[in-house]
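Novice: One structure is given below, represented as structure tokens, and several questions about it will come after.
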Amino acid sequence: MDTPSSDFLPEDPNAMILCSSADGAILQSFPRGALITRWQPAGHPHPLLWCYRPDDPAGASPGEDDSAHPSGRVSDSPTSSPAICTLNPTVTPVSPPANDACYPERGGIPICFPWIGAGRGNHYSPHHGLVRNAPWRLGTEPDSEGMHIGYRITADDVVGSEESGQWSAQLHAQCTSDTLSLAFTVHNIGSQPMSYEATLHTYLAVSDVRHITLHGCDNTDYLDATTTPYTPRTHHGPLHITDHTDSVFHSSDPIDLIDPQWERRLHITKEGSADTIVWNPGPELGAQTRGVGPQQWRHFICVEAANFRENAIWLAPDESHTLRQHIQLISLAES
């Protein structure tokens, strides 16, 4: 990963950071949690990432905590008043809707680290780790081939990191005309070995989750996290979402998300990841889940690059590991 040309902590971690290109493409994020909330290629009519904010017209119930599941609740921070910082001022900035400038209650691409859910042993807090609501430092380095942004954080920046070791972490996000690439790197800067779980908890927007198909899970072993305890199973054929789904697939294979109504395919690849988590709360749990509600569950699917439980990462002192996810937008007419 390139070293950012600047490294600073914004005064308001809930301020939206907006990168826009001359052709109108958008990469939007927030320093709180290094949360990527919007990637919109120029000219594409439908959202790629899903977010929910409290004044969303579709409405979501206050709901209950869904922290019993490894890919559940991802944000309990209050929203902020809109504040926008536009990067790459040499290109024409894009003014988003006012609601877009508020930190979302759920969605985008949260980073879960150094544990997923309640972690190994099921006793860690807060849910989904230490960094997803913490303020990250921002670094940017414009280039000529695509918009990108970088964030960084260390164990000293967060409360409760004593058990997780001494580490530094970086997120690098870059988009081209048709691909969003994410790289999450953890470096052990301590004198003792460390281990951790991590996931890029990617919320992908879909026309209707009941009408999409996921390919790439055929004959794949997984943990069914809708049961207690988790149940080992094997999936066969394409994956269709009709109800609560929380599946940890032990696979590094690509996933293809086919959305006929929006006439697109999302080709999802990853590196440095032994697990793929697929999550959607379904209608019953969705109606009870904060930041989802009775209708919004139909409009997203989480496809996450992860290292979970027995596939946790071990780092010796001065070692590092990078978890990568790439999402490519392809028209069905081109497939």
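The numbers here are math on the coordinates, done by the rules we state, and not lab data. What you see is a predicted model, and the numbers here were worked out from it, not measured in a lab. Every residue, glycine among them, receives a Cβ derived from its backbone with ideal geometry; neighbour counts consider all protein chains shown.
Novice: Please list, short to long, the whole-number percent of alpha-carbon pairs of region 107-207 in consecutive 5 angstrom bins beginning at zero.
Specialist: P(r) for region 107-207, in whole percents per bin: 2, 11, 21, 23, 18, 12, 8, 4, 1, 0.
Novice: Once you keep just the Cα pairs under 8 angstrom separated by 6 or more residues, what percentage relative contact order results for region 213-335?
Specialist: Contact order relative to length: 24 percent.
Novice: Compute the distance from the alpha-carbon center of region 306-327 to that of region 201-272, in whole Å.
Specialist: Region 306-327 and region 201-272 have Cα centres separated by 21 Å.
Novice: If you don't mind, another one. As a test of understanding, state the convex hull volume per residue of region 239-334 from its alpha carbons, in Å³.
Specialist: With only Cα atoms used, region 239-334 gives 129 Å³ per residue.
Novice: ³J(HN,Hα) across region 236-246 via Karplus (A = 6.51, B = -1.76, C = 1.60, θ = phi - 60°), whole Hz, x for Gly/Pro?
Specialist: 10, x, x, 9, 10, 9, 10, 8, 3, 10, 8
Novice: Where does each of 304-312, 172-180 land if you order them by average Cβ count within 10 Å, highest first?
Specialist: Per-residue mean Cβ counts within 10 Å order the peptides as 304-312, 172-180.
Novice: Next question, about the same structure. For region 286-300, in order, what is each residue's ³J(HN,Hα) by Karplus, 6.51 cos²θ - 1.76 cosθ + 1.60 with θ = phi - 60°, in whole Hz (x at glycine and Pro)?
Specialist: x, 5, 9, 9, 4, x, 10, x, x, 10, 5, 4, 6, 9, 8
Novice: Normalised radius of gyration for region 248-290, please: alpha carbon Rg relative to 2.2 N^0.38 Å, two decimal places.
Specialist: That ratio works out to 1.49.
Novice: Amide H of Met147: which non-local residues (sequence gap of 5 or more, or other chain) have their own amide H closer than 5 Å, using H built in the peptide plane?
Specialist: Here Cys175 satisfy the definition.
Novice: Could I ask something else about it? Assuming a ≥ b ≥ c are the square roots of the Cα gyration tensor eigenvalues, decide whether region 285-335 counts as rounded (a/c under 1.5), prolate (otherwise, with a/b larger than b/c) or oblate.
Specialist: oblate
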